[in-house]
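The values are calculated or read from the model by the stated rules, or taken from the named source; none is laboratory data. Note that the structure is predicted; figures quoted are calculated from it, not measured. Virtual Cβ from ideal backbone geometry, glycine too; neighbours counted across all protein chains shown.
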């Protein structure tokens, strides 16, 4: 009896896997994806919770020096700086409206801006009270974000790095 050799069982085909086209694709694809990615600069403003002022705290700390409780209120027409043991100061803001391009015209007489005057006032308060490192910024819901950040920068530049943000009732 004659045996037929089955086809396919004894014949193994040796071949190399062609990965060069796949590597070429990755060489082009990876730099293209990296170049098209959007890189965002994320900056964080460090803030604290506002201190709680209670009558019992004042009684417990009767021998210790009271904190300044410095507060800067942002109003539409002025910045109001107030606190314990300091005279309330009102710094008028420029009421110039932005033109159609969104640009607010600069002061013509070379006077410093309201933020600069606020920083100078806060620097004087920080020099008079070196133990105080905290301040509260009080803003309304309608207050522009740029105004809040400008005031927070002025407070931080004056030497008070611990800033709390509070919302005004109206």
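Here is a yes/no grid of residues against (1) in contact with a helix residue (DSSP H, G or I) (Cβ under 7 Å, 6 or more places away or on another chain); (2) exposed (fewer than 10 other Cβ atoms within 10 Å of the Cβ); (3) modelled with pLDDT under 90; (4) not in a loop (DSSP other than H, G, I, E, B):
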site: 12; (1), (2), (3), (4): no, yes, yes, no
site: 38; (1), (2), (3), (4): no, yes, yes, no
site: 43; (1), (2), (3), (4): no, yes, yes, no
site: 63; (1), (2), (3), (4): no, yes, yes, no
site: 80; (1), (2), (3), (4): no, no, no, yes
site: 99; (1), (2), (3), (4): no, yes, yes, no
site: 102; (1), (2), (3), (4): no, yes, yes, no
site: 112; (1), (2), (3), (4): no, no, yes, no
site: 127; (1), (2), (3), (4): no, no, no, yes
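Here is a yes/no grid of residues against (1) in contact with a strand residue (DSSP E or B) (Cβ under 8 Å, 6 or more places away or on another chain); (2) exposed (fewer than 13 other Cβ atoms within 10 Å of the Cβ); (3) part of a helix (DSSP H, G or I); (4) on the phi < 0 side of the Ramachandran plot:
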site: 117; (1), (2), (3), (4): yes, no, yes, yes
site: 123; (1), (2), (3), (4): no, no, yes, yes
site: 130; (1), (2), (3), (4): no, yes, no, yes
site: 146; (1), (2), (3), (4): no, yes, yes, yes
site: 152; (1), (2), (3), (4): yes, no, yes, yes
site: 156; (1), (2), (3), (4): yes, no, yes, yes
site: 165; (1), (2), (3), (4): yes, no, no, yes
